[in-house]
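Heads up, the thing below is written out as structure tokens.
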Amino acid sequence: MSDTAAVNTDRPHRGTIFVEDASVLSQEAHAGRQFVLRLASPRVARRATAGSFVHAAVDPDIPMRRPLSIMRASADEGWIEILYKVMGEGLNHLATRQAGDTVNLMGPIGKGFVPRTDKPRALLIGGGVGIPPMVYLAEVLKDRADEGFKPFAIFGSEIPFPFRARPSRLIVPGMPEGVIAAMPLLEDWGIPCRLTSKAGFAGCHDGYVTDLARAWLGTLDRTALDEVEIFSCGPTPMLKAVAALAAEFSVACQVSLEEYMACAVGGCAGCVVEVATPDGPAMKRVCVDGPVFDATTVFGPKP
């Protein structure tokens, strides 16, 4: 097994990124050309955080790797899970991998979400392939329940969800009548969840994730809102809407950006975005300076 750390004294983050030949443990196919891939990757698993990702070699004939969000990780058992949607030949090749095959990974990469104990009402909003980091964060908060965290997740998709939704057993204030579809895994963890889609899926809200988020936030008084922090990952238009919603209710918000990237370790600067800093606007690399940023620094001033 190849297992080396990318170390560079000028860039400390590289000392925590490993190159690892990961063995495929399982691969499940879901509707919409979506796949859940579980890999034996002990070094990545031990250092992964909610919001970090791996850069995967998907095809020997394609030199460019693909950034893939980590959906779950077990440090004790040494595995990670990624959820991805096939878009292009590279991921199409990855979808053919079977148990026992090898996938070369670089990871874990990026700064993840940072929950705060003074903001225990965590609202997790994921859209499409932005759902995996929210699942990871939900599991982290479940394991930190003794610190007072009370997460609520809202997921949206315009293609079938990569799981069989079931009616929620957990009551959530402010939800429209009939909006009962939930992700079973989160329900089993005791974390309330609701689903949205414009595709007409049973039990889902016919609208946007921000609709349900606004309905829930509207049930809270100012004292409760001060305990809220939104965490979100998904397409940029969705993140802009989530940031605007956070500003509307004056609540904290962290967003994980989705950008095309080549090297994923900060060398090529191909994934830079403009971010507000105390010293003025600056170009930050999504791969290693992010992918998680304070929403106000990317999408607007603080309310």
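Each value in this text was obtained by applying a stated rule to the coordinates, not by laboratory testing. Here the structure is a predicted model, which is why all the values come from computation and not from measurement. Cβ: placed from backbone, ideal geometry, glycine included. Neighbour counts: every protein chain shown.
If you place +1 on the Cβ of every Lys and Arg, -1 on the Cβ of every Asp and Glu, and leave all else neutral, what size is the dipole of the chain about its Cα centre, to the nearest 20 Debye?
On the way: 30 positive and 34 negative charges, 22 e Å.
Once rounded to the nearest 20, the dipole reads 100 debye.
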Practice problem: Would you mind calculating the gained length between residue 269 and residue 21 on full extension (0.36 nm times residue separation, minus the Cα-Cα distance), in nm to one decimal? | Solution: 86.7 nm
Self-check item: Span per principal axis, largest first, for the Cα atoms of segment 121-257 (Å)
Solution: 35, 32, 29
Quiz prompt | For peptides 28-36, 117-125, 285-293, sequence by mean Cβ density within 10 Å, most packed first | solution = 285-293, 117-125, 28-36
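According to the square roots a ≥ b ≥ c of the eigenvalues of the Cα gyration tensor, what is the shape class of segment 28-185, taking rounded for a/c under 1.5, prolate for a/b larger than b/c otherwise, and oblate for the remainder?
Details: a/c = 2.28, a/b = 1.42, b/c = 1.60.
It is oblate, given that a/c is not under 1.5 and a/b is not larger than b/c.
How high is the FRET efficiency between residue 30 and residue 143 when r is their beta carbon distance and R₀ equals 22 Å, given to the nearest 0.05?
On the way: r = 26 Å, r/R0 = 1.17.
E between residue 30 and residue 143, to the nearest 0.05, is 0.30.
Report, please, the projected area of segment 179-300 averaged over directions, based on the convex hull of its C-alpha atoms, in nm². If you can, show how the numbers build up before the last one.
Working: hull surface 38.0 nm².
In nm², the orientation-averaged hull projection of segment 179-300 is 9.5.
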Self-check item: Any cysteine of the chain lacking a neighbouring Cys Cβ under 4.7 Å - listed by number
Solution: 193, 204, 233, 253, 271, 287
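Would segment 3-109 count as rounded, prolate or oblate if I go by the C-alpha gyration tensor, calling it rounded below 1.5 in a/c and otherwise prolate when a/b exceeds b/c, oblate otherwise?
Details: a/c = 1.83, a/b = 1.45, b/c = 1.26.
Judged from the Cα gyration tensor, segment 3-109 comes out prolate (a/c at least 1.5, a/b above b/c).
Sort 74, 232, 69, 168 so that the residue with the fewest other Cβ atoms within 10 Å of its own Cβ comes first and the one with the most comes last.
Details: 74 15, 232 30, 69 26, 168 21.
Ordered from fewest to most neighbouring Cβ atoms within 10 Å, 74, 232, 69, 168 come out as 74, 168, 69, 232.
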Quiz item: Between segment 277-302 and segment 169-226, what's the alpha-carbon centroid distance in Å?
Solution: 29 Å
Quiz item: Using 0.36 nm per residue, how much length does the chain from residue 104 to residue 244 gain when fully extended, once their Cα-Cα distance is taken away?
Solution: 46.5 nm
Self-check item: Percent antiparallel among DSSP beta bridges (both partners in segment 121-257, rounded to 5)
Solution: 10 percent
Self-check item: Identified option (computed Cα Rg over 2.2 N^0.38 Å; candidates [x] 0.93; [y] 1.08; [z] 0.97)
Solution: [z]
